[in-house]
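Q: Pasting a structure here, questions to come.
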């Protein structure tokens, strides 16, 4: 079984990534790099960011402004095949959660 990787936490100078496989869960702390090292910045499929985008758009939020603040382009968010920087997705999710005043973005955890 192939493992799943998710971002667990983000702070100013580090990014925690959880990897879960059938046998174990590991936590890796990675130092964040500036955008000049794009090949080393983790990316993901952007599914959760696209769901948050749709939710914010349906709520009448100016999603263009949130995308700009997070550094995600409209093309990235609307192209289901485009990979999106993990750091930028986290920024976008936090912005959407703040605007909607819903830290769980509609999920019941």
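Q: Name every residue in segment 66-83 that is part of a helix (DSSP H, G or I) and either out of contact with any helix residue (DSSP H, G or I) (no Cβ under 7 Å at 6 or more places or on another chain) or touching a residue at least 60 places away in the same chain (Cβ under 8 Å) (or both), in order of residue number. Full working, then the answer.
A: Here is the first cut: in segment 66-83, the ones part of a helix (DSSP H, G or I) are 66-70, 74-78.
Of everything in segment 66-83, those that are part of a helix (DSSP H, G or I) and either out of contact with any helix residue (DSSP H, G or I) (no Cβ under 7 Å at 6 or more places or on another chain) or touching a residue at least 60 places away in the same chain (Cβ under 8 Å) (or both) turn out to be 68, 75, 76, 78.
Q: Here is a follow-up. Suppose we filter segment 84-109 for residues that are in a loop (DSSP other than H, G, I, E, B) and either on the phi > 0 side of the Ramachandran plot or in contact with a helix residue (DSSP H, G or I) (Cβ under 6 Å, 6 or more places away or on another chain) (or both); how many remain? First the steps, then the outcome.
A: Within segment 84-109, the subset in a loop (DSSP other than H, G, I, E, B) is 101-109.
So of that shortlist, the ones also either on the phi > 0 side of the Ramachandran plot or in contact with a helix residue (DSSP H, G or I) (Cβ under 6 Å, 6 or more places away or on another chain) (or both) come out as 101, 103, 105-106.
Qualifying residue count, segment 84-109: 4.
Taken together, the values in this text are just the output of simple stated rules run on the coordinates, not laboratory data. From a predicted model like this one, the values you see are computed outputs, not experimental measurements. Note that each Cβ is placed from the backbone with ideal geometry, even for glycine, and that neighbours are counted across all protein chains shown.
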